[in-house]
Amino acid sequence: MKRILVPTDFSDHAEYALKVAAQIARKNNGEIYLLHMLELPNHISDDGIGESNAVGRSAGVPEVMFFMEKTRERFQDLLNEPYLEGITVIEAIQFDKAFDGIIAHSKKHDIDLVIMGSHGASGFREMFIGSNTEKVVRTSDIPVLVIKKEEGEFAPQNFVFASDFSDEIKKPFKDAVSFANLFNANLHLVFVNTPNDFKSTHAAEKLIHDFAANANLTGGYSTHIYNDINVEKGILHFANSVNADLIGMCTHGRKGLAHFFNGSISEDLVNHAVRPVVTFKI
């Protein structure tokens, strides 16, 4: 977790994410890549930036420069914050749609962890519009940590990791173990039993123990079988019952119709959980 990307729109929620990133970077001797996506007004083409001699393109350049200068000023205000003192911060402005730019930037700079702020979404907004955060959660190949509120000291000790503990989870589980070990957190391994996917306690416990047998968890782990009407509610209810500091799970990254009809528990959790959520791509 040495290279941390924090997209910002300079909102309170984005700053909550930046404060957490600062703590992780300081703890892990890492650096922060601070990214602002400058989506240009419709009447300005980014093709015209720096090409003021081209016919029909010069009109928007002063306005673009104004937006860039204002963004740099806001960057400077952030960089002067005491919580960033002594941390290497590389800031960047990109002209792109937020979601596309975040994914591209993470690949270009070999990012280890994306941290994003989110206030969640519900109802029609959640179904038809969604958020840049949930799109990144769905498609990012690297872990994404979503911060929902001001966290103060970010030192998760009770880390809930929910899974079906199938073979496909073994690879992303290594990332979850690394994340837990960074904070010496106790990992609560949770299998949610639902009416449509039920396992006996004996079978579920054996599944989890066999799965985690070789995990080198410095803070230890515990196993739990939790019964609920669906997986999302089970995770949220269990997290409440142990006063979890962090919820983690894997995501398939479904797209298109498969995403629409099957949904994504990870994205639902990003929208509905009040606790931080970290996702790992299968």
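Between a residue in the stretch 173-200 that is more than 21 Å from VAL146 (Cβ to Cβ) and touching a residue at least 12 places away in the same chain (Cβ under 8 Å) and any residue that is open to solvent by less than 10 Å² (accessible area, probe 1.4 Å) and in a loop (DSSP other than H, G, I, E, B), which pairs come within a Cβ distance under 7 Å, given they are 6 or more apart or on different chains?
PHE191/PHE165
If I go through the stretch 17-37 residue by residue, how many of them are more than 22 Å from ARG72 (Cβ to Cβ), assigned to a helix (DSSP H, G or I) and modelled with pLDDT of 95 or more?
Of the residues in the stretch 17-37, the ones more than 22 Å from ARG72 (Cβ to Cβ) are 20, 23-24, 26-30.
This time we only want the ones that are assigned to a helix (DSSP H, G or I), so: 20, 23-24, 26-28.
Applying the additional criterion that residues be modelled with pLDDT of 95 or more yields 20, 23-24, 26.
Going through the stretch 17-37 one residue at a time, the tally reaches 4.
Take the stretch 10-22 and flag every residue that is touching a helix residue (DSSP H, G or I) at 6+ places or on another chain (Cβ under 8 Å) and open to solvent by 20 Å² or more (accessible area, probe 1.4 Å).
Initial filter on the stretch 10-22 (touching a helix residue (DSSP H, G or I) at 6+ places or on another chain (Cβ under 8 Å)): 10, 15, 18-19, 22.
Within the stretch 10-22, PHE10, GLU15, LYS19 qualify.
Could you check SER131 against (1) at negative phi; (2) modelled with pLDDT under 95; (3) out of contact with any helix residue (DSSP H, G or I) (no Cβ under 9 Å at 6 or more places or on another chain) and say which number it fails?
The single condition SER131 does not satisfy is (3).
Which residue, of ASP100, ASP141, is among the acidic types (Asp, Glu), part of a helix (DSSP H, G or I) and modelled with pLDDT of 80 or more?
ASP100
Buried (at least 18 other Cβ atoms within 10 Å of the Cβ) and touching an Asp or Glu at 6+ places or on another chain (Cβ under 6 Å): which single residue out of PRO172, PRO156 fits that description?
On inspection, the qualifying residue turns out to be PRO156.
Per-residue answers, yes or no, for (1) surrounded by fewer than 17 Cβ atoms within 10 Å (Cβ to Cβ); (2) closer than 11 Å to LEU35 by Cα:
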position: VAL64; (1), (2): no, no
position: GLU69; (1), (2): yes, no
position: ASP77; (1), (2): yes, no
position: PRO82; (1), (2): yes, no
position: GLU85; (1), (2): yes, no
position: ILE90; (1), (2): yes, yes
position: ILE93; (1), (2): yes, yes
position: HIS105; (1), (2): no, yes
position: LYS108; (1), (2): yes, no
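Return the residue satisfying two criteria in turn: it lies in the stretch 175-207 and is of a type in the set (Val, Ile, Thr) and within 27 Å of the chain's Cα centre (by Cα), and of such residues it is surrounded by the fewest Cβ atoms within 10 Å (Cβ to Cβ).
THR194
Within the stretch 154-176, take every residue that is at pLDDT below 95 and of a type in the set (S, T, N, Q) and give me the one that is farthest from ASP210 (Cα to Cα).
SER163
Suppose we filter the stretch 103-128 for residues that are of a type in the set (Asp, Glu) and modelled with pLDDT under 90; how many remain? Can you show your working first?
Going through the stretch 103-128, the residues of a type in the set (Asp, Glu) turn out to be 110, 112, 126.
With the extra rule that they be modelled with pLDDT under 90, the set shrinks to 126.
Counting residues in the stretch 103-128 that are of a type in the set (Asp, Glu) and modelled with pLDDT under 90 gives 1.
The values are calculated or read from the model by the stated rules, or taken from the named source; none is laboratory data. Fair warning: this is a prediction, and the values are worked out from it, not measured in the lab. Backbone-built Cβ (ideal geometry, glycine too); neighbour counts: all protein chains shown. Ligands, DNA and RNA are excluded from the accessible area calculation, which covers all protein heavy atoms including side chains. Shrake-Rupley method; radii C 1.70, N 1.55, O 1.52, S 1.80 Å.
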